[in-house]
Amino acid sequence: MNHTYLVTGSYSNAEEQGIKLWEFNHQSGSLTEIAGTFGIDRPSFLAIHPNGKSFAATSEVGDGDLVAYEFAGKPPMLKEINRQPANGDHPAHVCIDHSGKWLLAANYSGGNVNVYPLLEDGSIGNRTDSVKHKGKGTNLKRQDAPHPHSVFQLPQSDQFIVSDLGTDTLYIYRLDQKTGKLELRHSIQAPAGSGPRHLTFHPSLRCVYSLEELASSLTVYELDSEENLKPVQHISLLPDEFDGENTSAEVRVSEDGHHLYASNRGHDSLAVFAIGQEGRIELRGFSPSGGEGPRHFELISGGQWMIAANERSHNLAVLKIGKNGMPELTGEIVETKAPVCVKRIGGI
């Protein structure tokens, strides 16, 4: 197949097309908008269902919502299925588990993590659990209270890691697949004031890469046999000579496990690292993101392309990844309001 479908979220209001569907052409590197949907405020993060036919979005506002969508038809269209209250302010991240039966969401200002069943018709059911975090960090401006920023499922596991930017803590929860209840297994402190935000996993090694927003840094953790985290490396995501303001945002590992990418807002770059045999990383260089404030990016299947979502310059930028792992801008830059999430999808 010479094309990939992508869906984007944004900091748009309900009167605008906040979620959009795009077609990316692998041959030409072109990105074309093909559909959009109204009716949701600030749809800032999206989670694709394993069936490739539906997804969930956060409405990142006070007393926000979680909204389920489906995409289907020719031409493809987006359709809301239903929505549920997020049980807190500013839901910033949502995750659908590997079975496709459960949805977990993190409320940044609400300070909690919530669980919902996903029903056979794709709708979000009634909440089954909620866990409230406690504490604060050393950065008085950003860490005055708990701020869970993301929830990611461990590969081949019923456990999830929640990154709490406000308390500098990674929490590891087990999800009971029958009851939808969370059990805290253990937690580990990130470097003080670092602000853990998002993380990613190596495809074959037992390594977790945790991006720290406030310090613009990354910690590499090893997973032991009981899925406990052990820090083994800590590294900056910025050039030594950079002295401006920056917050790091997204982190991903290439499908072949050879490279790690992280986005910088302020330096407006993609930091590129080579991954060694034991999972440690080594800086290779920096690539321009094609705009300002790259909050998110997506790697296209095959490892040859990257799409960067530049929030502050209101554009999506296409980058071609070379054999050395370095992304380069192609000149394909598409304007769209405040994009903050971009995910590839299937099923259509």
* **Accessible surface, the range 221-348, averaged per residue in Å² (probe 1.4 Å)** => 44
* May I ask for the Kirkwood hydrodynamic radius of the chain, worked out over all distinct Cα pairs and given in angstroms to one decimal? => 20.0
* Structure fact -> Non-local residues with an amide H under 5 Å from the amide H of Ala190, with H modelled 1.01 Å from N and Pro and chain starts lacking one, are Thr169, Leu170
* Asked: Does the range 284-348 classify as rounded, prolate or oblate by the C-alpha gyration tensor (a ≥ b ≥ c root eigenvalues; a/c under 1.5 gives rounded; else a/b over b/c gives prolate, otherwise oblate)?
  -> oblate
* Asked: Quick one: if you stick a label point 7 Å off each Cα along the C-beta vector at Glu245 and Thr330, how many nm between them?
  -> 3.4
* Quick one: check the C-alpha center-to-center distance for the range 255-302 versus the range 194-237, whole angstrom. => 14
* Structure fact -> By the Cα gyration tensor axes a ≥ b ≥ c (a/c under 1.5 gives rounded; else a/b larger than b/c gives prolate, otherwise oblate), the shape of the range 141-212 is oblate
* Which lysines have a Cα lying under 28 Å from the Cα of Lys53, excluding residues fewer than 8 positions away in the same chain? -> Lys20, Lys74, Lys79, Lys101, Lys178, Lys181, Lys320, Lys337, Lys343
* For Ser130 and Asp63, calculate 0.36 nm times their separation in residues minus their Cα-Cα distance, and state this gained length in nm to one decimal. => 22.6 nm
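Could you work out the per residue convex hull volume over the alpha carbons of the range 109-168, in cubic angstrom?
With only Cα atoms used, the range 109-168 gives 99 Å³ per residue.
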* Percent of accessible area on the chain owned by carbon and sulfur, 1.4 Å probe? -> 46
* If you plug each phi of the range 57-67 into the Karplus form 6.51 cos²θ - 1.76 cosθ + 1.60 with θ = phi - 60°, what whole-Hz ³J(HN,Hα) values come out, in order, with x for Gly and Pro? -> 10, 8, 9, 7, 9, x, 6, x, 10, 10, 10
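Per residue, how much space in cubic angstrom lies within the convex hull of the C-alpha atoms of the range 184-332?
Measuring per residue, one finds 117 Å³ for the Cα hull of the range 184-332.
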* For q = 0.09 Å⁻¹, what log10 I(q)/I(0) does the range 1-159 give under the Debye formula with an equal point scatterer on each alpha carbon and no solvent? -> -0.31
* √(5λ) per eigenvalue of the Cα gyration tensor, the range 43-127, largest first, Å -> 21, 13, 10
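The values are calculated or read from the model by the stated rules, or taken from the named source; none is laboratory data. Keep in mind it's a predicted model, so treat the numbers as computed, not measured. For neighbour counting, all protein chains shown are included, and Cβ atoms are generated from backbone atoms with ideal geometry for every residue, glycine included. Heads up: the accessible areas ignore ligands, DNA and RNA and are worked out on the full protein's heavy atoms, side chains in. Shrake-Rupley method; radii C 1.70, N 1.55, O 1.52, S 1.80 Å.
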